[in-house]
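Beneath this line is the structure, given in structure tokens, with notes to follow.
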Amino acid sequence: MKFLKVVLILSVTSFANMASAGLVFYTSDSSSNSVNWTSDVLADGYQINNNVNFDSHALGLLDSGLYLGSDGISITSTGSNNQTIKDGAGVIDGNTTGAIPGEGVHQSSKYLEINNTGVLTLSFTSGAFAAGIGTFDVWTGGDFTISVFSGVNGTGSLLGSLSGVAEGLNFQNLGTFFMGVKTDDGSKFGSIAFDFSADGNDDIGYDDILFASNSLQVSVPEPSTLVIFALGVFVLTTRKLQK
């Protein structure tokens, strides 16, 4: 039986707050990983970018710079079999006995198909507090190792890793499985690698990349508004002292 490996790397090109981070992984609940990740990321006060879902991408060869101007992310993938954007629900490899839906069946849309070996690298123009990706049609013989690094492209210090992700689970009826991570101390990481290993010829799809690079905007009063407010407080205080 042939051993296949795919490595997915999300890389961040900004190094703000890159100290060693405490990490929280979202992989243990196949039915609600993305829900839990989203809830916690928003609770931490971060904005989630959900624009990178390949829907605006042309079919065919992956365009690495398509989202660079609009979302600050470039996508590159090595290997001739790992650079194709397709449209549809996905490829069902046939091992559907005992398959689970995960967070639901992947709906017909554009996605990146992965097979054989290759490295998919997502590079951001600012740091990431959190990141995650959806995959679908993973077979029970495959699993992921997630590794988070301080530097780009898997360089720098290893901040944390988790192996055996999705091991023994069967999503081959186009079931979706989300994997996410976030820091728990407000720092940013440089890259995150999803290392996929499959026994046999397992084609899978990647879709719906999520990441958080910015905090939610907080409305700050204009300087003139602050002056007026301060004068109002002064007048009220003066009147109270005169009574």
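The values are calculated or read from the model by the stated rules, or taken from the named source; none is laboratory data. Predicted model, so just to flag it, every value in this text is computed and none were measured. Cβ coordinates were reconstructed from backbone atoms using ideal geometry, including for glycine residues, and neighbour counts include every protein chain displayed.
Anything in the stretch 87-96 that is touching a residue at least 24 places away in the same chain (Cβ under 8 Å), more than 16 Å from GLY142 (Cβ to Cβ) and out of contact with any Lys or Arg (no Cβ under 8 Å at 6 or more places or on another chain)? List them, or say none. Break it down into steps so the answer makes sense when it comes.
First, pick out the residues of the stretch 87-96 that are touching a residue at least 24 places away in the same chain (Cβ under 8 Å): 87, 89-96.
Those still in the list that are more than 16 Å from GLY142 (Cβ to Cβ) too: 87, 89.
Listed by number, the list holds a single entry, ALA89.
Picking from ALA198, ALA193, which residue would you name as being modelled with pLDDT of 80 or more and buried (at least 20 other Cβ atoms within 10 Å of the Cβ)?
Result of the check over ALA198, ALA193: ALA193.
Counting just the residues of the stretch 161-218 that are in contact with an Asp or Glu (Cβ under 9 Å, 6 or more places away or on another chain) and of a type in the set (A, V, I, L, M), which one comes out farthest from ILE100 (Cα to Cα)?
If we take residues in the stretch 161-218 being in contact with an Asp or Glu (Cβ under 9 Å, 6 or more places away or on another chain) and of a type in the set (A, V, I, L, M), then ALA212 is farthest from ILE100 (Cα to Cα).
Please work out which residue is nearest to the chain's Cα centre (by Cα), limiting yourself to the stretch 128-156 and to residues that are of a type in the set (A, V, I, L, M, F, W, C) and in a loop (DSSP other than H, G, I, E, B).
It comes out as PHE129.
Return the residues of the stretch 64-84 that are within 20 Å of SER191 (Cβ to Cβ), out of contact with any Leu (no Cβ under 7 Å at 6 or more places or on another chain) and not in a loop (DSSP other than H, G, I, E, B); say none if nothing qualifies.
Once the filter is applied, which keeps residues that are within 20 Å of SER191 (Cβ to Cβ), out of contact with any Leu (no Cβ under 7 Å at 6 or more places or on another chain) and not in a loop (DSSP other than H, G, I, E, B), the stretch 64-84 yields LEU68, ASP71, THR76.
Which of (1) in a strand (DSSP E or B); (2) surrounded by 15 or more Cβ atoms within 10 Å (Cβ to Cβ); (3) more than 14 Å from the chain's Cα centre (by Cα); (4) modelled with pLDDT of 95 or more is the odd one out, the single condition ASP87 does not satisfy?
Condition (2) is where ASP87 drops out.
Within the stretch 24-63, track down each residue that is in a helix (DSSP H, G or I) and under 16 Å from the mean Cα position of the chain (by Cα).
Once the filter is applied, which keeps residues that are in a helix (DSSP H, G or I) and under 16 Å from the mean Cα position of the chain (by Cα), the stretch 24-63 yields ASN33, SER34, VAL35, ASN36, TRP37, THR38, SER39, ASP40, VAL41, LEU42.
Here's a check for you: in the stretch 33-43, which residue that is over 11 Å from GLY180 (Cα atoms) and out of contact with any strand residue (DSSP E or B) (no Cβ under 8 Å at 6 or more places or on another chain) is surrounded by the most Cβ atoms within 10 Å (Cβ to Cβ)?
SER39
For residues that are more than 23 Å from ASP44 (Cβ to Cβ) and not aromatic (Phe, Trp, Tyr), scanning just the stretch 124-150, find the one that is surrounded by the most Cβ atoms within 10 Å (Cβ to Cβ).
ASP137
So how many residues does the stretch 102-123 have that are at pLDDT 85 or above, within 20 Å of the chain's Cα centre (by Cα) and either of a type outside the set (Ser, Thr, Tyr) or surrounded by fewer than 23 Cβ atoms within 10 Å (Cβ to Cβ) (or both)?
Total meeting the criteria: 10.
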